[in-house]
Structure formats: C-alpha cells, structure tokens
Amino acid sequence: MFDTLSERLGGIFDGLTGRGALSEKDVNAALREIRVALLEADVALPVVKDFIDGVRNRAVGEEVIRSVKPGQQVIKIVYDALVDMLGGEEADTSLRIDSPPAIIMMAGLQGSGKTTTTGKLAKRLSEKDRKRVLLASLDTRRPAAMEQLAILADQCNENVSALPIIEGQLPADIARRALNAAKISGYDVLILDTAGRTTIDEQMMNEVAEIADIATPSETLLVADALTGQDAVETASRFHARLPLTGLVLTRMDGDGRGGAALSMRAVTGLPIKFMGVGEKLDGLDAFDAKRVAGRILG
Ligand code: GDP
C-alpha cells in the first residue's frame, strides 16, 4: 500500500531539500506536484483540496521560505497534515466495550473481509483484553458464512465461541437469541456479523438497520476493502447515511493498492478508522495509528 505515492512524494521532497532557500514559487510548484500525486493515488478530490490548502496555509504561516532548512520544514508540514487527514494524533481508536455484554455490530459488503475481521477482533479482545467473546453470524443467505465464523471461533481460543446455528431462523431472531445467550452465559462481548451483499441494496440496509435497532450496539463498525479505492469511500458514506456507525475497519492494507481509500475515508465520512487488516491470518489486525501510517507514506 502507498508505494507509488511514497515514491512520488519522496521525489518531490528530494527536489526541495537538495537546495538552500526556497521561494514562494518553489513551494507552490511543490504543492502542485503533491496535489497530482494524491489524485493519482485515488484520494478524493475535496480531500486533496483541503489538504493542499491546509499545507499552503501552514507553510506561509510558518515562514518556510525564510527558514534555515525550508525543505525539511515542508516535509514536517506535510507529515502533520497527513496525520490530521488520517484522524489526528489523539484520535480515539479504542472500542467502547464497558458494560457486559458489550455489543459490536459488523457491517459491510460481501467480500470486504467482514467475517475474517470478526474473527480477528474476537482473538484480539480475548487475548489482549482478556474478554470472553461470543460471535454470531446473521448471514442467513449464505450458510457457508455461518460455518466460516464457527471455524474462526474454534481457531481463536477457549474464550471465544460461536452461537450454535439453528437453520431457518431470521436474522433479527438470531440477533435476539445471541443477545440472550450472551447475557445468560456472562459473555463480555457479543460480535454480530451481519449479512453483506456484493453491492448495496435496500433490503440489506433495512436488515442491518433493523438489527442495529434490536441490538443497540455500543460499536457499529463498517468493514471496507482498502483496495477498492473510491468505491470503498462511497460505500462507507452510504452505510453511514443509514446506520449509526461508530468507526471503520480498513482491510487488505497489506495489499498492493494506491491508498486513496485509506487517505480519504476519515475526511469524507468523519468516522475514525479504528483498525486495519494486514493479512489473512487471525493475527493480521492492527490498531489504526495515524502517525505510523503517515510515517510509512513519507518513508
Ligand atoms: P466477507 O464476505 O466480508 O465476510 O469477507 P471474508 O471475511 O470472507 O474475506 C474475504 C477474503 O478476504 C478472504 O479470503 C480473507 O482471507 C481475505 N481478507 C480479509 N481481510 C484481509 C486482510 O486484511 N488482508 C488480506 N490480504 N486478506 C484479507
């Protein structure tokens, strides 16, 4: 992820740091190149515009042109602006899982990595936070998805279980059964893996919205595939219009993508990116860290 963008920005900065003083014209020329690099990385146009305006204001305000090492200062300003774009240094990426059973609802398109992420979250919560976690698949249209979740629960540890599958139950009824089971058996966290579709449709939205009403989750996370670029951002916006989302999980950040989705997501939706998927295995989930990602982009 970000390889091309990283290379492009590196080239632009090399041109700035290799010399002494910078004129306002030099800074503007560099900003134009950064703008093109971000657009080519598939970052949403309004996000690029705000980013460039922000960097220009800071560069002027901090009198880059008169500073001793103007190139370095521009890099620092771009780094800070990237961190802001990704949610800021102090972004709250923790999960609200206080009152047991805390309910986490997972939403997203089919193939986005929702079920895998559900398994990864369960492993993380059970190992790192010592929580007992119950998983429930509400994907009644795809029995294979239900079985996949049960297999993932088995691969975690003894503190993670999957709700037994009862054939023929409706998603809303499975959600109610899962809530009861989580309460009765004293689970700390219940994760509801809702059904996705290959594209957004009304029926899916109604189903997921109904489950959100029944379960009143403390976290409703949208899982989006970072490799799908602007489509991922569009999907997130449409889900956010219908559901009380509390955060995002970007999957396939280990893939070979341009990174535009990751960079636009926060600014377009206003939602914090809480986690990123970095592999197919159950331990391939990292807490999202804006500074680390910005650092990786700037090499
Ligand atoms: P769902 O339909 O949204 O539940 O998607 P799945 O969880 O079944 O994931 C679809 C595919 O993406 C599976 O082959 C996963 O192993 C893979 N996958 C999920 N997350 C990641 C990730 O972060 N990185 C990589 N490389 N693959 C992932």
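Nothing in this text is a laboratory measurement; each read-out follows from the coordinates by a stated rule. Treat the numbers as computed from the prediction; the structure is a model and nothing was measured. All Cβ positions, glycine included, derive from the backbone under ideal geometry; neighbour counts span all protein chains shown.
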Gap separating the Cα centres of segment 197-243 and segment 126-171, nearest whole Å
20 Å
Listed residues 232, 37, 144, most fluctuating in the chain (Gaussian network, C-alpha, under 10 Å):
144
Cα pair distances exceeding 16 angstrom across segment 138-178, given as percent
34 percent
Rg [Å, one decimal], Dmax [Å, integer] - segment 167-299, C-alpha atoms:
16.2, 52
Here the longest stretch of the chain that holds no GluC sites (Glu not before Pro) in a DSSP loop having at most 13 other beta carbon atoms within 10 Å is 168-279
About its Cα centre, what dipole magnitude does segment 208-288 give when the only charges are +1 on Lys and Arg Cβ and -1 on Asp and Glu Cβ, stated in debye to the nearest 20?
240 debye
Can I get the semi-axes of segment 100-251's equivalent ellipsoid? Compute them from the C-alpha gyration tensor as square roots of 5 times the eigenvalues, in angstrom, largest first.
23, 17, 14
Efficiency of FRET from Cβ geometry, residue 154 and residue 230, R₀ 41 Å, rounded to 0.05:
0.65
One-quarter of the Cα convex hull surface for the chain, in nm²?
15.3 nm²
Would you be so kind as to identify which of 104, 157, 125 lies farthest towards the positive end of the dipole of segment 76-171, taking Lys and Arg as +1 and Asp and Glu as -1 on Cβ and the Cα centre as origin?
157
Proportion of all alpha-carbon pairs of segment 200-260 beyond 18 Å (%)
39 percent
Of all DSSP beta bridges with both partners in the chain, the antiparallel percent, nearest 5, is 10 percent
Whole-number percent relative contact order across the chain, with pairs defined as alpha carbons under 8 Å at least 6 apart
26 percent
Would you please put 212-218, 244-250 in order of how densely packed they are, using the mean number of other Cβ atoms within 10 angstrom per residue and starting with the highest?
244-250, 212-218
Scan segment 1-98 for trypsin sites (Lys or Arg not before Pro) in coil per DSSP, keeping those whose Cβ has at most 15 other Cβ atoms within 10 Å, and list them by number.
19, 96
Taking the radius of gyration and the Kirkwood hydrodynamic radius from Cα positions alone, what is the Rg/Rh ratio for segment 60-113, to two decimal places?
1.30
Loop sites in segment 216-299: trypsin sites (Lys or Arg not before Pro), DSSP, at most 13 other Cβ within 10 Å:
281
If you put +1 on each Lys and Arg Cβ and -1 on each Asp and Glu Cβ, how big is the dipole of segment 91-184 around its Cα centre, in Debye rounded to 20?
160 debye
Find, to one decimal place in angstroms, the Kirkwood hydrodynamic radius of segment 1-115, where the mean of 1/r is taken over every pair of different Cα atoms and then inverted.
16.5 Å
For segment 182-228, I need the span (max minus min coordinate) of the C-alpha atoms along each principal axis, in Å, sorted largest to smallest.
38, 24, 15
Over 22 Å (Cα to Cα) - which of 114/281; 114/291; 25/69; 25/49; 123/183; 49/114 fall in this group
114/291; 49/114
About its Cα centre, what dipole magnitude does the chain give when the only charges are +1 on Lys and Arg Cβ and -1 on Asp and Glu Cβ, stated in debye to the nearest 20?
420 debye
